[in-house]
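Before any comments, here is the structure.
The values are calculated or read from the model by the stated rules, or taken from the named source; none is laboratory data. Computed from a prediction, not measured in an experiment: that's the story for all the values here. Cβ placement follows ideal geometry from the backbone for every residue including glycine, while neighbour counts extend to all protein chains displayed.
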Amino acid sequence: MATLTLERPKQKQRLTVVEDYDVAADAKKRISLRSAKTKYFHVKALSNGCFLLEPRVLVSPQAISARSLKMLDKSVASLKKELASDDLAAVRQLTNEFDAKEWQW
């Protein structure tokens, strides 16, 4: 079975600096990125103290195999028909103690 993978685009030209600014880490050692194009990043901490951030893209539905999608549809249908396992029944029993309006099953 063939799988769909996303390839990194080829670089046609050398990278150039688009923005150059200083940031300070807050008390929890967080920084804010200005005008970031993506929400998720993979971070590599280098031995010289530098950090490399690579943008991450979530997987598109086309990248999920047909078999997995079929299994997911079957599971959702069973859940809606309340034919789920005893574990789910136990979770529902626990959540009934809370306000039922907050939980939607």
Task: Any hit, the stretch 86-104, residues being of a type in the set (Ser, Thr, Tyr), at pLDDT below 80 and surrounded by 10 or more Cβ atoms within 10 Å (Cβ to Cβ) - done: yes
Task: Pair list, Cβ < 8 Å and 6+ apart or interchain, from the stretch 64-79 residues that are of a type outside the set (Ser, Thr, Tyr) to residues that are in a helix (DSSP H, G or I) and surrounded by fewer than 11 Cβ atoms within 10 Å (Cβ to Cβ) - done: LEU69/PRO61
TODO: Look at LEU53 and say whether it is in contact with a helix residue (DSSP H, G or I) (Cβ under 8 Å, 6 or more places away or on another chain) and surrounded by 10 or more Cβ atoms within 10 Å (Cβ to Cβ).
DONE: no
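Please determine whether any residue of the stretch 56-73 is β-branched (Val, Ile, Thr), at pLDDT below 85 and surrounded by fewer than 10 Cβ atoms within 10 Å (Cβ to Cβ). Please lay out each step first, then the result.
Here is the first cut: in the stretch 56-73, the residues β-branched (Val, Ile, Thr) are 57, 59, 64.
Still in the running and at pLDDT below 85: 57, 59, 64.
Those left that are additionally surrounded by fewer than 10 Cβ atoms within 10 Å (Cβ to Cβ): 57.
Yes: the stretch 56-73 contains one or more residues that are β-branched (Val, Ile, Thr), at pLDDT below 85 and surrounded by fewer than 10 Cβ atoms within 10 Å (Cβ to Cβ).
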